[in-house]
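> What follows is a structure written as structure tokens; I'll ask about it next.
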């Protein structure tokens, strides 16, 4: 038996079908192009938002840094003042106890023209030709205060009469009012039973 060769017998006389053109009026108009996609691809995506907890964490970190910096700068200032005050009080207490030890108590200040025997001379901390020295006449008076009184007395203009001056004690850092009188040896009394001789 032989296999049939084209043209096949069942194809005899029939033609191949041709594509059917679309009916008039139903197709796109001549020169029509289908719409394309917009240029640039997809629309831009908005940037992601930073979570609120991240902002709070950042704010807490900045606050912590500010607090640490403030403590580093301010803490020494506070503690230096405290230590200066306590060191000043300690040295004042030492100076007071050292300067008070050799002195004797007087019952009344002398208003004469010579330095009383119970007066304890002090070292001068500034020079003055009119009244170059000071002395203390009671155990509660320090030489530092005696020099402060001498400075205030020298800087006022009245001499030979009773004057009132105001002097700050370097030991107690307190201002005291003192009444002074005399010519060659000026006796100043006041404060907390303080007695100072300026001569």
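> Anything in segment 128-157 that is touching a strand residue (DSSP E or B) at 6+ places or on another chain (Cβ under 9 Å) and closer than 19 Å to residue 113 by Cβ? List them, or say none.
Within segment 128-157, 131, 133, 134, 135, 136, 137, 146, 149, 150, 153, 154 qualify.
> From the list 65, 171, 125, 149, pick out the single residue that is surrounded by 12 or more Cβ atoms within 10 Å (Cβ to Cβ) and at pLDDT 90 or above.
149
> Kindly establish whether residue 187 is surrounded by 12 or more Cβ atoms within 10 Å (Cβ to Cβ), touching a residue at least 40 places away in the same chain (Cβ under 8 Å) and farther than 20 Å from residue 119 by Cα.
no
The values are calculated or read from the model by the stated rules, or taken from the named source; none is laboratory data. Just so we're clear, the structure is a prediction, and the values are computed from it rather than from any experiment. Don't worry about glycine lacking a Cβ; one is built from the backbone with ideal geometry, like all the others, and counts go over all protein chains shown.
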